[in-house]
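The values are calculated or read from the model by the stated rules, or taken from the named source; none is laboratory data. Please read all numbers here as calculations on a predicted model, not as lab measurements. Please note: Cβ atoms are built from the backbone with ideal geometry, for glycine as well, and neighbour counts cover all protein chains shown.
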């Protein structure tokens, strides 16, 4: 499948500095920042700096360095925000929505890191 990246999306604008964000962590290939509408006491978004639409696009086209950096950044965010059990927290949830059926709202790969409170069940079952 061919992916078309829309560089007018809000995360592209944040990466270019056109929209401010409250940075949690930045690496060579990734940026983590607080969600402006947090669903939990800790709600951080982690995005790759490259122009990737979703998870499938990222793992198909990103370099090994970008992929490794991104996943390590997710873990580091959990530790630095103290939601990871190894950092004294009670655990966390990582979520990524992909495509229309996955309810992806911004066409730039992003992982949500939720913590600081019980997250409840993953999804509600139909029927």
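Structure above, values below:
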read-out: Hits in region 52-73 - residues which are touching a strand residue (DSSP E or B) at 6+ places or on another chain (Cβ under 9 Å) and under 18 Å from residue 14 (Cα atoms); value: 70, 73
read-out: Conditions (1) within 23 Å of residue 116 (Cα to Cα); (2) surrounded by fewer than 16 Cβ atoms within 10 Å (Cβ to Cβ); (3) out of contact with any helix residue (DSSP H, G or I) (no Cβ under 8 Å at 6 or more places or on another chain): number failed by residue 61; value: (1)
read-out: Subset tally (residues that are within 15 Å of residue 94 (Cα to Cα) and assigned to a strand (DSSP E or B)) for region 8-47; value: 9
read-out: Odd one out for residue 100 among (1) within 21 Å of residue 2 (Cβ to Cβ); (2) surrounded by 14 or more Cβ atoms within 10 Å (Cβ to Cβ); value: (2)
read-out: Residue 105 vs. criteria surrounded by fewer than 18 Cβ atoms within 10 Å (Cβ to Cβ), within 20 Å of residue 7 (Cβ to Cβ), out of contact with any strand residue (DSSP E or B) (no Cβ under 7 Å at 6 or more places or on another chain) and at pLDDT 95 or above; value: yes
read-out: Selection count, region 28-58, where residues are touching a helix residue (DSSP H, G or I) at 6+ places or on another chain (Cβ under 7 Å) and either touching a residue at least 60 places away in the same chain (Cβ under 8 Å) or more than 21 Å from residue 16 (Cα to Cα) (or both); value: 5
read-out: Members of region 87-102 found to be outside any loop (DSSP other than H, G, I, E, B) and modelled with pLDDT of 95 or more, listed by number; value: 92, 93, 94, 95
read-out: Pairs with Cβ under 8 Å, 6+ apart, first in region 71-100 and on the phi > 0 side of the Ramachandran plot, second assigned to a helix (DSSP H, G or I); value: 91/85
read-out: Of all residues making up region 109-125, the number that are assigned to a strand (DSSP E or B) and farther than 23 Å from residue 52 by Cβ; value: 1
read-out: Tally of residues being touching a strand residue (DSSP E or B) at 6+ places or on another chain (Cβ under 8 Å) and over 17 Å from residue 65 (Cα atoms) across region 38-51; value: 7
read-out: Hits in region 77-97 (condition: under 21 Å from residue 52 (Cβ atoms), surrounded by fewer than 19 Cβ atoms within 10 Å (Cβ to Cβ) and touching a strand residue (DSSP E or B) at 6+ places or on another chain (Cβ under 7 Å)); value: 94, 95, 96
read-out: Meets criteria (in a helix (DSSP H, G or I) and under 17 Å from the mean Cα position of the chain (by Cα)) for residue 106; value: no
